[in-house]
Amino acid sequence: MNTTCETITVPDSDQQASNSENLEFATATECGQRAYNDDAVAVYRATGSDLRYRGSLAAIADGVGSAEAGGAAARAAVSGFISDYYSTPDSWSVKQAAARVLHALNGWLYRQSGGADEIQRGWLTTFSAVVLKGSTAHLIHIGDSRIYRLRDGNLECLTRDHSRTLGPGRTFLSRALGMDAHIEVDYRQEPLEAGDLFCVTTDGIHDFLPNRQFKELLLEHQLEAAPPLMSAALDNGSKDNLSLALCRVNVIDTLEADDVMLATSQLPFPPPLQPGNKIDGYEVLQELHASSRSYLYLVRDMETDALRALKAPSENFMDDPAYIERFIAEEWTGRRLEHPAIVKVFPPRKERKFLYHVMEYVDGQNLRQWMQLNPEPPLDQVRNLVQQLVSALRRLQRLEIVHGDLKPENIMVDASGRLKLIDLGGANAAGLQELLRYQDSAPPGSKNYCAPEYFFGDAASHRSDIFSLGVIAYEMLTGHYPYKERFGSNHYQLKNYASLRYRSASRQREDIPDWIDGALRRACAPDPKNRYPALSEFVHDLSTPNKRFDTTEKPPLMERNPLLFWQTVAVLAILSHLLYFL
């Protein structure tokens, strides 16, 4: 990024780029015939975890010339985006991360301008970036800068200008960072091919280069095309600043997933373990749990003597790549969560020879066992347990992770009454989805706790976890489910949201007040639009009476007992017919 009147070419690292590298970058910017350079351009060649989760990028911004602070806005946009984008959580997708960062940048620029009344002195800038991650190019764009791709001799503009023509030689920029309190940013994905050459430009270049000339210069000069492109634009009458970024894709890197996702996918399943067996420095003490999908063992770390829980996959799924991927993904998710109410997943040892992952050992009972030993617990005790679960779910929400499989069997209660989520096998995050090759459309959780939208194939959200939380709270209080129990192992079929009929908690337990029942009803409403939008609201309504749930007047019979309502209607219809003929 440069604001002086010189041309700079920047390779993708401090060392000169070589043809053996997967990506090569170059940038250039100059004032042209203007006294000041209001453009900003930069590239970032990522390494390590930045490369795995965020990719490398080229970004350009063109400060709006009619705004006094346009150049400052352009520089702030490019530097701020690169800094903040690479600081976002791994669990966010490229689209999520870029949108969050640009929303924050836009708000800051808009406030610097003092609002719409100061638009002429505003901090306004275009912004375009191409993020190259794995085998995909992610295009982010607002304004009239452009992203081009040269492939197989064809030059294509991959963005659409956000501008309107007012007359010959006059255009009006309709969208830019800092222009409005709310922004719309274009986002697009494109598959990468070896040999692709991306060119990100400001209008000082592309407005003055016919497409044929542009293509010929790129074909001839490739990464060295900046000087001839700028010279051609100036010769064709450009009086604006001139800036561009070039990126050439030499090799498609398909191995940019997390090291755990890669390294462990080829590991063999461990054999069924017995007390006394040793595996990679852990001694097996006893089997804690076994199911058709996995085994859980209590082990002793032979280096530290600490007790740990080791989870191993079931040999039933040895030939199921989707299962293996999800098993690995559970470790990926757990290692990104640090919270006292979520089980800690430890990083793998370098000498690991089998597929498994190691977690902290929680000495206690699961919530199912606790409920069996504590039927109809006091309301205050249930509130405390719900608040602990909410604390864990808030941590997941901050990382844009949906748990997906909340149920009593996946929640431990220790001797002091503290809860801990112990299973993250159904957890999902947009950033994780970018790493997975196999997508499973089946609901991740138990059919009695899983939110109804999963069965319709609708997108899950944090309200899906709120539904499961509501069902668990209802069951802790009453010992029953809020809806008719779903039996069997066959895939559950659900016709529509209206087919689920809530059963009042106060009918199951007489000392439950109407306002608690109302909070439970809303938390596990079948339609996600009718649920609580935030966990804090559910916690509040479980502790403080909400007037909207005060049912001094009984709800209509249709809501309280739909079957009785329609039976009554049928009887009245028959009686009316009889009276008519008498």
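Listed by chain and number, the aspartates and glutamates placed with their C-alpha closer than 15 angstrom to that of LYS278 are GLU287, ASP301, GLU303, ASP305, GLU351; residues fewer than eight positions away on the same chain are left out. Distance between the modelled labels on GLU287 and ARG212, one decimal in nanometres: 7.7 nm (7 Å Cα→Cβ projection). Straight Cα distances below 12 angstrom link LYS529 to the aspartates and glutamates GLU453, with same-chain residues fewer than 8 positions distant left out.
Which is farthest toward the positive dipole end of the chain among VAL402, THR171, VAL569, measuring Cα position about the Cα centre, with Cβ charges +1 (Lys, Arg) and -1 (Asp, Glu)? Of the options given, the answer is VAL569.
The angle between the Cα long axis of helix 562-581 and the longest principal axis of the Cα atoms of the chain comes to about 70 degrees, rounded to the nearest 10.
Relative to the longest principal axis of the Cα atoms of the chain, the long axis of helix 226-235 lies at roughly 60 degrees. In terms of the Cα gyration tensor, with a ≥ b ≥ c the square roots of its eigenvalues, is the range 259-360 rounded because a/c is under 1.5, prolate because a/b exceeds b/c, or oblate? The shape class here is rounded.
For the Cα atoms of the chain, what angle does the longest principal axis make with the long axis of helix 514-523, in degrees from 0 to 90, nearest 10? Helix 514-523 sits roughly 40 degrees off the main axis of the chain. Taking 0.36 nm per residue of sequence separation and removing the Cα-Cα distance, the THR568/LYS353 pair yields an extension gain of 70.6 nm.
In the chain, taking the dipole from charged Cβ atoms about the Cα centre, the farthest positive-side position among ALA225, TYR85, TYR295 is held by TYR295.
Under 20 Å from a label point set 7 Å out along the Cα-to-Cβ vector of GLU156, the amide N atoms of the range 131-146 belong to 131-142, 145-146. Relative to one another, the C-alpha centroids of the range 527-541 and the range 187-255 are positioned 50 Å apart. Magnitude of the charge dipole for the range 259-360, about its Cα centre and with charges confined to Cβ atoms of Lys, Arg (+1) and Asp, Glu (-1), is about 100 debye. List the longest stretch of the chain that has no exposed loop site; here a site is one of the trypsin sites (Lys or Arg not before Pro) assigned by DSSP to anything other than H, G, I, E or B, with at most 13 other Cβ within 10 Å. That gives 1-159 as the longest site-free run.
In the chain, if the dipole is taken from +1 on Lys/Arg beta carbons and -1 on Asp/Glu beta carbons about the Cα centre, which of GLN387, GLN189, LEU285 is farthest to the positive end? Farthest along the dipole direction, towards plus: GLN387.
Which lysines, on any chain, are close to LYS215 with Cα under 26 Å apart, when same-chain ones fewer than 8 places away are left out? Cross-link targets: LYS133, LYS239. Ignoring the sites themselves, the chain has its longest run without chymotrypsin sites (Phe, Trp or Tyr not before Pro) in a DSSP loop having at most 14 other Cβ atoms within 10 Å at 37-437. Using 7 Å Cα-to-Cβ label points, what is the ALA194/HIS577 separation (nm, one decimal)? Between ALA194 and HIS577, the simple spin-label model gives 7.8 nm. The convex hull defined by the C-alpha atoms of the chain has an orientation-averaged projected area of 37.7 nm².
Taking GluC sites (Glu not before Pro) in DSSP loop conformation with at most 14 other Cβ atoms inside 10 Å as exposed sites, the chain has its longest uninterrupted site-free stretch at 7-183. For the chain, a crude dipole built from +1 on the beta carbon of Lys and Arg and -1 on the beta carbon of Asp and Glu, taken about the Cα centre, is about 1880 debye to the nearest 20.
Every number here is computed from the coordinates shown, using simple stated rules; none is lab data. This one's a predicted model, so the numbers in the text were calculated from it and none came from an experiment. For neighbour counting, all protein chains shown are included, and Cβ atoms are generated from backbone atoms with ideal geometry for every residue, glycine included.
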